[in-house]
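> The structure under discussion is supplied below as structure tokens; questions concerning it will follow.
The values are calculated or read from the model by the stated rules, or taken from the named source; none is laboratory data. It should be emphasised that the depicted structure is a prediction, and the values quoted were computed from it without experimental measurement. Positions of Cβ are generated from backbone atoms using ideal geometry, with glycine treated the same way; all protein chains shown enter the neighbour counts.
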4 protein chains.
Amino acid sequence: MSHTIAEKAKLTARVRRLKGQMEAVERALETEVPCGEILNLVASVRGAVNGLMGELIEDHIRMHVVDPDKDGDADRAQGAAELIDVVRTYLK
Amino acid sequence: MSHTIAEKAKLTARVRRLKGQMEAVERALETEVPCGEILNLVASVRGAVNGLMGELIEDHIRMHVVDPDKDGDADRAQGAAELIDVVRTYLK
Amino acid sequence: MSHTIAEKAKLTARVRRLKGQMEAVERALETEVPCGEILNLVASVRGAVNGLMGELIEDHIRMHVVDPDKDGDADRAQGAAELIDVVRTYLK
Amino acid sequence: MSHTIAEKAKLTARVRRLKGQMEAVERALETEVPCGEILNLVASVRGAVNGLMGELIEDHIRMHVVDPDKDGDADRAQGAAELIDVVRTYLK
């Protein structure tokens, strides 16, 4: 995944944390912890998946489309910066 | 998790499938598959988490609040049925 | 809409505010304001729609299913309170 | 809004339809139609807002960042095409 070579360690850590959260849900189902707690665990997983998605999309824009901090075309750089802003807002 | 005793096997299978999907994302990051594929994998994870959340909420309503198929109070049963409909639409 | 007689004024005000936000988007399109601003306006609309949806679902639970503050059955009241919590978290 | 000069009529029509949907919600609240119907109306509004958001983001990418159908840089064009795919999947 070329756009994440630089950030690979960070993303991998994030994915492993998510896997750990899924394992916590699995254990919670097995040990029959109260339903409300499981719902909260899964809501956290959902937030974490959205956060990961947002980070992947931002990386993708920077590495494979236009990096607003590096592109020589000022209009395109601004367009990419606005796009990243909206991705962050949308997926927060 | 009392509301899922009946459905426990089904939910556990679903959570394990999700964990498998997370492992696929982890491998994809490690083997540097193309970025677009990883984005698609994570989008699928997100869909699966939403589906799990919807099923857990529906189970919770049926087991801990009001089961529309069993409640003797017709108005309350209808209210619960409408609520389940909206959860299904909202989290699809 | 029976579950909102009490809250009708509050909900109507909220819906009107949303309509006003849609009109702002319409004007922004017509006067060709910068794209980034329109994206932000529509992101705000989306947040407001989610907030309205969350409030309607919570009202529906309280009025048509189980009101956790009034139900005599302690387990069911707790189940409804947990459900409202998850709706609030999920739609925030 | 420069990125929508071409598509302005289409987007404006979409926003007006949304405003009409909000007015339907307002009337539904005023005439006290059943709660379940109002929930469905607002769920439709939410879907329409997501659709509008997706279209605006796609237009923004094409007009202000990289148009995959026109860009001379093949890698960047592919990156933008993948990004548009993920936006469509994500906001459907």
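> Kindly indicate which of B:Leu29, B:Leu11 is touching a residue at least 12 places away in the same chain (Cβ under 8 Å), out of contact with any strand residue (DSSP E or B) (no Cβ under 6 Å at 6 or more places or on another chain) and at the interface with another protein chain (Cβ under 7 Å from one of its Cβ atoms).
B:Leu11
> Answer yes if at least one residue in segment B:52-61 is within 13 Å of chain C (Cβ to nearest Cβ), surrounded by fewer than 15 Cβ atoms within 10 Å (Cβ to Cβ) and at pLDDT below 95, and no otherwise.
No, segment B:52-61 contains no residue that is within 13 Å of chain C (Cβ to nearest Cβ), surrounded by fewer than 15 Cβ atoms within 10 Å (Cβ to Cβ) and at pLDDT below 95.
> Shifting gears a bit: Residue check: is A:Leu18 within 11 Å of chain D (Cβ to nearest Cβ) and under 30 Å from C:Leu83 (Cβ atoms)?
On the way: within 11 Å of chain D (Cβ to nearest Cβ): no; under 30 Å from C:Leu83 (Cβ atoms): yes.
Criteria not met by A:Leu18.
> Can you find a residue in segment D:39-50 that is surrounded by fewer than 19 Cβ atoms within 10 Å (Cβ to Cβ), within 12 Å of chain A (Cβ to nearest Cβ) and under 22 Å from C:Ala24 (Cα atoms)?
There is at least one residue in segment D:39-50 that is surrounded by fewer than 19 Cβ atoms within 10 Å (Cβ to Cβ), within 12 Å of chain A (Cβ to nearest Cβ) and under 22 Å from C:Ala24 (Cα atoms).
> Would you confirm, using the coordinates I've provided, whether D:Val33 is crowded, with 19+ Cβ neighbours inside 10 Å and either within 26 Å of A:Gln78 (Cα to Cα) or hydrophobic (A, V, I, L, M, F, W, C) (or both)?
no
> Among the residues of segment C:69-88, count how many are touching an Asp or Glu at 6+ places or on another chain (Cβ under 8 Å) and either surrounded by 19 or more Cβ atoms within 10 Å (Cβ to Cβ) or aliphatic (A, V, I, L, M) (or both).
The first filter runs over segment C:69-88 and keeps only residues touching an Asp or Glu at 6+ places or on another chain (Cβ under 8 Å), leaving C:77, C:80, C:84, C:87-88.
Subset that is either surrounded by 19 or more Cβ atoms within 10 Å (Cβ to Cβ) or aliphatic (A, V, I, L, M) (or both): C:77, C:80, C:84, C:87.
Within segment C:69-88, residues that are touching an Asp or Glu at 6+ places or on another chain (Cβ under 8 Å) and either surrounded by 19 or more Cβ atoms within 10 Å (Cβ to Cβ) or aliphatic (A, V, I, L, M) (or both) number 4.
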